[in-house]
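What follows is a single structure, written as structure tokens, with notes after it.
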Amino acid sequence: MKVVGILSSPRGKKSNTLKLMDAALKGVAEAEAEAEVETIDIAKLKIKYCIACDSCHEKGECTIKDDFNLVMGKLLAADGIILSSPNYITNVTAQLKTLFDRSPLMVHEQLFEGKYGFSLTTAGSGEVDFVLDIMSNYMKTCGGNTIGGVGCAMSQGPSALEVATEKSREMGKDLVKAINEKRQYPEQEAAQKNWRERFKYVLLANKDHWTHNCDYWMEKGWI
């Protein structure tokens, strides 16, 4: 089993979000001794903006030369994905949003299908749910399942971080269970099925250009 954590805080080792990530991966290791865990700090990597070149739709690959393909390769090889970001102006950090924006292939071809994940955030105020939802929606939009999320309002003091850290550790353990038992989330799966039913018309409208996407969908039997 492989679980990859994405850290997107520019604060590095000073990040409170990192504390939640460390706890979550500790929980994974406690629940599955053979689990391979890895944290990727994308704030230290070079990931450029999407330029809407359509190469991913046509050829199934991003042709921009940077660290994106390395990161996405690790995510595609993982069984579990933990996304994390502090709250920056009621949103994820620019670093994580850039990673998301480079992911149309994962969305169009639902490449996180069969993967499980959850999200972590910290905020100065109590606005954590909105940021958690952004990350959870990304996971689901890429075809994966999310088991939930943990947020911490730092304004509530050190005890709040302690509680959130423990919740993160427990959610790491639960992620292992979800992966091992191939846990079903009927509501999420129904939403993904409905999305595919709508999106196939977008693909058909672009079939002369989005050749890789269309070929993939035909192989999956979705069109």
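The values are calculated or read from the model by the stated rules, or taken from the named source; none is laboratory data. Keep in mind that what you see is a predicted model, and the values were worked out from it rather than measured. Positions of Cβ are backbone-derived with ideal geometry, glycine not excepted, and every protein chain shown enters the neighbour counts. Heads up: the accessible areas ignore ligands, DNA and RNA and are worked out on the full protein's heavy atoms, side chains in. Shrake-Rupley method; radii C 1.70, N 1.55, O 1.52, S 1.80 Å.
Structural remarks
- Enumerated strands (runs of 3 or more DSSP E) restricted to segment 1-107, each holding at least 2 residues that are open to solvent by less than 10 Å² (accessible area, probe 1.4 Å), in contact with a helix residue (DSSP H, G or I) (Cβ under 6 Å, 6 or more places away or on another chain) and within 29 Å of Y216 (Cα to Cα): 2-7, 80-84
- Residue match in segment 144-166 (condition: without any contact (Cβ under 8 Å) to a residue 12 or more places away in the chain and of a type in the set (A, V, I, L, M, F, W, C)): yes
- Here is the figure for segment 144-189: residues that are among the acidic types (D, E) and under 17 Å from L20 (Cα atoms) total 4.
- Identity of the residue in segment 181-212, in contact (Cβ under 8 Å) with a residue 60 or more places away in the chain, over 18 Å from K140 (Cβ atoms) and of a type outside the set (V, I, T), that ends up surrounded by the most Cβ atoms within 10 Å (Cβ to Cβ): W210
- In segment 108-152, the residues that are open to solvent by 30 Å² or more (accessible area, probe 1.4 Å) and among the basic types (K, R): K140
- Of the residues making up segment 153-167, those that are open to solvent by 20 Å² or more (accessible area, probe 1.4 Å), aliphatic (A, V, I, L, M) and either in contact with an Asp or Glu (Cβ under 6 Å, 6 or more places away or on another chain) or at pLDDT below 95 (or both) number 2.
- Segment 1-29, residues that are of a type in the set (A, V, I, L, M, F, W, C) and over 18 Å from the mean Cα position of the chain (by Cα): A29
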